[in-house]
């Protein structure tokens, strides 16, 4: 009985390791360049630093506004502050104007 034997070719021997290298390359590429990869992580950190700076500025503005609002509470109402804001709101105040009160 005659049998036909195949010779092991170089391509057949390298097919499995080459396919594993391709799969490994795919995962390495996406680990570096993917949406949550190494390069995206540095971009996220830079964006986080910028957003934290914005948050700090907003907190400072909020504290300033809370202090100004506290000046209008009944217990701590400052008449000078009230008149200053009313004149500025009604657009009758000028930057170089001096107001003298007669009490």
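The values are calculated or read from the model by the stated rules, or taken from the named source; none is laboratory data. Remember, predicted model here, so these are calculated numbers, not experimental data. Here the Cβ is made from the backbone with ideal geometry for all residues, glycine too, and neighbour counts use every protein chain on show.
Figures for the structure shown
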read-out	value
Candidates 32, 24 - the one that is surrounded by 10 or more Cβ atoms within 10 Å (Cβ to Cβ), touching a helix residue (DSSP H, G or I) at 6+ places or on another chain (Cβ under 9 Å) and part of a helix (DSSP H, G or I)	32
Residue among 91, 65 that is part of a loop (DSSP other than H, G, I, E, B) and free of Cβ contacts under 8 Å to residues at least 24 places away in the same chain	91
Residue in region 59-69 that is under 30 Å from residue 102 (Cβ atoms) and surrounded by 10 or more Cβ atoms within 10 Å (Cβ to Cβ) present	yes
Matching residues, region 70-88, being part of a helix (DSSP H, G or I) and either touching a helix residue (DSSP H, G or I) at 6+ places or on another chain (Cβ under 8 Å) or at pLDDT 85 or above (or both)	70, 76
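Here's the yes/no breakdown for (1) part of a helix (DSSP H, G or I); (2) within 30 Å of residue 81 (Cα to Cα); (3) without any contact (Cβ under 8 Å) to a residue 40 or more places away in the chain:
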residue	(1), (2), (3)
36	no, no, yes
39	yes, no, yes
44	yes, no, yes
49	yes, no, yes
53	yes, no, yes
57	yes, yes, yes
